[in-house]
Amino acid sequence: MSTFPHLVDDLEQALDAPAGPGLSRRSVPRELLVPARVPELLRMALEEWAAMVLLWLAMAWTPRWLYPLWALLVATRLHALGVVLHEVSHLPLRRHGPGVRTLEVLAGYPIAITVAAMRYHHIRHHRDSGMATDPYFKGSVSGRPVKYALNVLRGALLIPFWSVRPAVGLASSFLRGWRTFYGRVFLQDRSGEDLRESREVIACGRAEVWQLAFQLALVPAWVAFPSAMLRGYLVPAIAAGLLAAWRLLLDHPDRPACDRSLETIVATTRDNIQGWLRLLLPRNIGYHVVHHLHPQVTLTALPRLRDWYVANCERYPR
């Protein structure tokens, strides 16, 4: 199945447009612009699965009062799987080869997301960051603790809500009248357009068949081991949704944007790499400003790339 590389390509072209004084992607040494590769992402996904297996064993073999700790740590690893799939969404994919399909199974399906669905809303977030069409923009939450808390708390419903998406998406691939609803509600489309003839929405709906099959394959496990599935998966998945919602508010000040300049990206994005935050923001995703400046640079290269910006661009936030 072909994907839709134009969004990724258009994003890169927009970022390569002439920048204002003191900030330019074109000045960065090429050796710092290390692209993400499928083998590296597969290694990351397997490392996260190995960590989760060890944590599940710890849940089974240690005293019950330690369960909250293990559940939180499993949640951070589920969150990390989301970060790995997020990296896949930035690859300039023309087709989903075996490596990408494997990553989708390892990093996407367990958190109820496909590569196609992730690409749909995440690339639009990068392209329209801070704008009305940004799927992730939450409006003003600064100084409004109740609204801030509600935005974090609704993250608890993220993975359960996404688990409904495959059935709706698959139906929309056949039922023309469902597509706009599917696109706006489950793919977070903010364009306001009629999506009934959108080839991209149709492709996202068709991709849901394997997500749905994965979820149905887990039904016997839920029937046979309901307590283990609840403690080992559902509770950590809810916590992972809370972490993801909280990270989103950390990553971006609630400042609306009106253009796509590099200066606007810097003004509407934050790095979160201080101390204990690095324990909860996995795989260098806390280097968020430089990630928005160079979305296709691999996560492991972001610290060195940020160091270069701090040393050479006075407008990069310290």
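Brief remarks follow.
- Contact map, the stretch 213-228: residues that are part of a helix (DSSP H, G or I) paired with residues that are surrounded by 10 or more Cβ atoms within 10 Å (Cβ to Cβ), Cβ distance under 7 Å, separation 6+ or inter-chain. Pairs shown: 214/109; 215/163; 215/166; 221/229; 222/229.
- The one condition in (1) farther than 20 Å from residue 126 by Cα; (2) open to solvent by 60 Å² or more (accessible area, probe 1.4 Å) that residue 137 fails to fulfil: (1)
- Search result, residues across the stretch 185-197 that are touching a residue at least 60 places away in the same chain (Cβ under 8 Å) and not in a helix (DSSP H, G or I): 187, 188, 189, 190
- The stretch 175-184, residues that are open to solvent by 40 Å² or more (accessible area, probe 1.4 Å) and in contact (Cβ under 8 Å) with a residue 12 or more places away in the chain: 176, 177, 181
- Residue-level check: of (1) among the acidic types (Asp, Glu); (2) assigned to a helix (DSSP H, G or I); (3) within 18 Å of residue 244 (Cβ to Cβ), residue 200 misses just (3).
- Among the candidates 85, 106, the residue that is within 16 Å of residue 237 (Cβ to Cβ) and within 11 Å of the chain's Cα centre (by Cα) is uniquely 85.
- Output for the stretch 188-240, where each listed residue is of a type in the set (Val, Ile, Thr) and open to solvent by 50 Å² or more (accessible area, probe 1.4 Å): 209, 219, 223, 235, 238
- Residue list for the stretch 76-95, filter: open to solvent by 20 Å² or more (accessible area, probe 1.4 Å) and out of contact with any strand residue (DSSP E or B) (no Cβ under 8 Å at 6 or more places or on another chain): 77, 92
- Close pairs (6 angstrom Cβ cut-off, 6 or more residues apart or separate chains): in a helix (DSSP H, G or I) in the stretch 141-159, of a type outside the set (A, V, I, L, M, F, W, C) anywhere: 151/138; 155/241; 156/241; 158/241; 159/241
- Counting the residues of the stretch 53-100 that are farther than 18 Å from residue 112 by Cα, in contact (Cβ under 8 Å) with a residue 12 or more places away in the chain and either among the β-branched types (Val, Ile, Thr) or in a helix (DSSP H, G or I) (or both) gives 10.
- Every condition in (1) touching a residue at least 24 places away in the same chain (Cβ under 8 Å); (2) of a type outside the set (A, V, I, L, M, F, W, C); (3) closer than 25 Å to residue 41 by Cα is met by residue 278 except one, and the failing one is (1).
- Each residue in the stretch 258-272 was checked for being at pLDDT below 85 and in a loop (DSSP other than H, G, I, E, B), and 4 of them qualify.
The values are calculated or read from the model by the stated rules, or taken from the named source; none is laboratory data. Treat the numbers as computed from the prediction; the structure is a model and nothing was measured. In this analysis, Cβ positions are derived from the backbone assuming ideal geometry, glycine residues included, and neighbour counts consider all displayed protein chains. Please note that ligands, DNA and RNA were not included when accessible areas were found on the heavy atoms of the full protein model with its side chains. Shrake-Rupley method; radii C 1.70, N 1.55, O 1.52, S 1.80 Å.
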